[in-house]
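The values are calculated or read from the model by the stated rules, or taken from the named source; none is laboratory data. Just so you know, these numbers come straight off a predicted model, no measurement behind them. Note that we place each Cβ from the backbone using ideal geometry, even for glycine, and neighbour counts take in every protein chain shown. These area figures cover heavy atoms from the full protein model, side chains too; ligands, DNA and RNA do not enter into them. Shrake-Rupley method; radii C 1.70, N 1.55, O 1.52, S 1.80 Å.
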Amino acid sequence: MDASRQRYLFVTGKLAARALTDVLKAMDPDFEYEISVLNSSVAALMNLHWIGERLEGAERFDTVVVPGRCHGEIDVLARHLGTKVVRGPEDLNDLPAFFGMAGTKPDLSEYHTKILSEIVDAYTIGTEAIVARAFYYRENGADVIDLGCPPSGGFPGVGEAVTALKSRGFMVSVDTFDPDTIREADRAGVDMLLSVNSSNIEVARDIRAKVVVIPDFGKGVESMERSAAQLVEWGVPHVLDPILDPIGFGLADSIARYSAIREKYPEAEMLMGLGNLTELTHADTTGINAVMAGIMAEQSIDFVLTTEVSPHATGVIREFDRARRMMHYSVNNHVLPVNLTDDLLTIKDAVRPEFSDEELAAIHADVKDRNFRIFVSGGAVVVFNREVFLRGTDTQKLFDQMGVQDPSHAYYIGRELERAVTAARLGKRYVQDNPIHYGYLSGPSRS
């Protein structure tokens, strides 16, 4: 060994030896190492006292790395071996990160696309409720609060709502074609108007707010371009919105329109409304937001309009906030949007380490007590103690076969079984006595 380099001794069992060898070889670490394979099939079953009785030659190494799931006192083993001892990660795939070789954590603090979050029923709920909703939106990532107005007619008192929001530091837009509402909001200091086309474009000459220009109703994108040209002539700041259509009503064509407009007007500000997808598609919105944020990042879309009306669209703002950061990083750094964050992996996990059937059988063979061990493997829950070995996906059936009588223990087993069944069904990582991680819904990212 090179005396100038740190020397590590990795301790493992027979079943994990090949995998550990492969991981270390792929790491190509800047330290010297050897692997000691002890006479135990499963590394997780070894305790530190048992290791201390069998491990030889540890004093030749600077550090001994024992399996992460080994029980016992590290300090006692270190004194016995005469060298430093550390627990490695529970999962071998985490070994590069354990040694700081997983790469620099990406900086996801930056983004380009600003979020306009619409309070769709703003004209019906009063100023106090508007302010409360605005704080909720801002806490979840919104940059601009959009005040929804009735499909026809005005929003009496819109000026009061705008003033209340502006006094609290919010940027505000108003979503209406009603000229009186537009003028009242503008006098109160509204920042943006959604929207104008040839039917109401004259009002844009009278206000100071930036306007979003859309195609004429029932007309093509050329009508938006004509209106935009008129606004340029008048010197009115504006944002282009070619309109994103729902699935089944021209989604693909509308995405192509955005691409064409961006190519034709590379310096123009653009807005895309996501409600036609997130609200009008009964699918989990995390994936929709991720893909659309990627498209917006590639097309340098400046604003996105979001809504949280349908129950299944709850959380859209938080999701898009995370998605825009991830996709901004991906596009700007020319890397795939993988292994950047697990925030949007709310239903499935990208990595799901599991014991093989051989490993589970070996663990079961060494169990001498009645305490139940619960694992997820191959899409099913595996439960065993010294007396039983069960596999299944039905919580009640598994519980009935376990013969648990004590009420407090039954509560614990029922909770763990349901958690394990959920993880197996969704494709989530399960570790007994630990909560399932549901991406951003579970709090701070693990990534």
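In region 400-443, what residues are among the β-branched types (Val, Ile, Thr) and within 19 Å of residue 387 (Cβ to Cβ)?
Hits for region 400-443 are 404, 413.
Looking only at region 226-237, count how many residues are open to solvent by 40 Å² or more (accessible area, probe 1.4 Å) and touching a helix residue (DSSP H, G or I) at 6+ places or on another chain (Cβ under 9 Å).
3
Enumerate the pairs (first residue in region 1-27 and of a type in the set (Lys, Arg); second residue anywhere and at pLDDT 90 or above and open to solvent by 80 Å² or more (accessible area, probe 1.4 Å)) with beta-carbon separation below 9 Å, excluding pairs fewer than 6 apart on the same chain, so at least 6 apart or on different chains.
If the second residue must be at pLDDT 90 or above and open to solvent by 80 Å² or more (accessible area, probe 1.4 Å), the pairs left are 5/30; 7/60.
Restricting the search to region 199-225, which residues are over 18 Å from residue 262 (Cβ atoms) and open to solvent by 70 Å² or more (accessible area, probe 1.4 Å)?
Passing the criteria: 199, 202, 205, 206, 208, 217, 218, 219.
Have a look at 400, 343, 321 and point out the one that is open to solvent by 40 Å² or more (accessible area, probe 1.4 Å) and among the acidic types (Asp, Glu).
Values: 343 fails: open to solvent by 40 Å² or more (accessible area, probe 1.4 Å); 321 fails: open to solvent by 40 Å² or more (accessible area, probe 1.4 Å).
Matching residue, one of 400, 343, 321: 400.
Listed residues 175, 143; which is among the charged types (D, E, K, R) and touching a helix residue (DSSP H, G or I) at 6+ places or on another chain (Cβ under 9 Å)?
175
When you go through 291, 304 one by one, which is the residue that is β-branched (Val, Ile, Thr), within 26 Å of residue 335 (Cβ to Cβ), open to solvent by 20 Å² or more (accessible area, probe 1.4 Å) and touching a helix residue (DSSP H, G or I) at 6+ places or on another chain (Cβ under 9 Å)? First the steps, then the outcome.
Values: 304 fails: open to solvent by 20 Å² or more (accessible area, probe 1.4 Å).
Going through 291, 304 in turn, just one is β-branched (Val, Ile, Thr), within 26 Å of residue 335 (Cβ to Cβ), open to solvent by 20 Å² or more (accessible area, probe 1.4 Å) and touching a helix residue (DSSP H, G or I) at 6+ places or on another chain (Cβ under 9 Å): 291.
Can you name every residue in region 57-74 that is touching a strand residue (DSSP E or B) at 6+ places or on another chain (Cβ under 8 Å), farther than 25 Å from residue 356 by Cα and exposed (fewer than 14 other Cβ atoms within 10 Å of the Cβ)?
57, 60, 62, listed by residue number.
Looking for whichever is part of a loop (DSSP other than H, G, I, E, B), open to solvent by 20 Å² or more (accessible area, probe 1.4 Å), touching a residue at least 60 places away in the same chain (Cβ under 8 Å) and not basic (Lys, Arg) here; the options are 435, 353. Which one fits? Reasoning before the result, please.
Details: 435 fails: touching a residue at least 60 places away in the same chain (Cβ under 8 Å).
Selected residue: 353, the only one of 435, 353 that is part of a loop (DSSP other than H, G, I, E, B), open to solvent by 20 Å² or more (accessible area, probe 1.4 Å), touching a residue at least 60 places away in the same chain (Cβ under 8 Å) and not basic (Lys, Arg).
Considering only region 1-53, how many residues are of a type in the set (Asp, Glu) and not in a loop (DSSP other than H, G, I, E, B)?
Number of matching residues: 4.
Taking residue 70 as meeting all but one of (1) within 22 Å of residue 360 (Cβ to Cβ); (2) modelled with pLDDT of 90 or more, write down the number of the exception.
All conditions are met except number (2).
Within region 242-260, count every residue that is open to solvent by less than 70 Å² (accessible area, probe 1.4 Å) and touching an Asp or Glu at 6+ places or on another chain (Cβ under 8 Å).
Number satisfying all stated conditions: 3.
Any idea which of 137, 123 is without any contact (Cβ under 8 Å) to a residue 60 or more places away in the chain and part of a helix (DSSP H, G or I)?
Numbers: 137 fails: without any contact (Cβ under 8 Å) to a residue 60 or more places away in the chain.
Among 137, 123, only 123 is without any contact (Cβ under 8 Å) to a residue 60 or more places away in the chain and part of a helix (DSSP H, G or I).
From the residues in region 268-287 that are within 16 Å of the chain's Cα centre (by Cα) and crowded, with 20+ Cβ neighbours inside 10 Å, which one is farthest from residue 441 (Cα to Cα)?
285
I'm trying to understand the selection: among the residues of region 421-432, which are open to solvent by 20 Å² or more (accessible area, probe 1.4 Å), of a type outside the set (Lys, Arg) and assigned to a loop (DSSP other than H, G, I, E, B)?
Hits for region 421-432 are 430, 431, 432.
Here is a check on your reading of the model: is residue 108 aliphatic (A, V, I, L, M), in contact (Cβ under 8 Å) with a residue 24 or more places away in the chain, touching a Lys or Arg at 6+ places or on another chain (Cβ under 6 Å) and open to solvent by 30 Å² or more (accessible area, probe 1.4 Å)?
Numbers: aliphatic (A, V, I, L, M): yes; in contact (Cβ under 8 Å) with a residue 24 or more places away in the chain: yes; touching a Lys or Arg at 6+ places or on another chain (Cβ under 6 Å): yes; open to solvent by 30 Å² or more (accessible area, probe 1.4 Å): yes.
For residue 108, the condition - aliphatic (A, V, I, L, M), in contact (Cβ under 8 Å) with a residue 24 or more places away in the chain, touching a Lys or Arg at 6+ places or on another chain (Cβ under 6 Å) and open to solvent by 30 Å² or more (accessible area, probe 1.4 Å) - is met.
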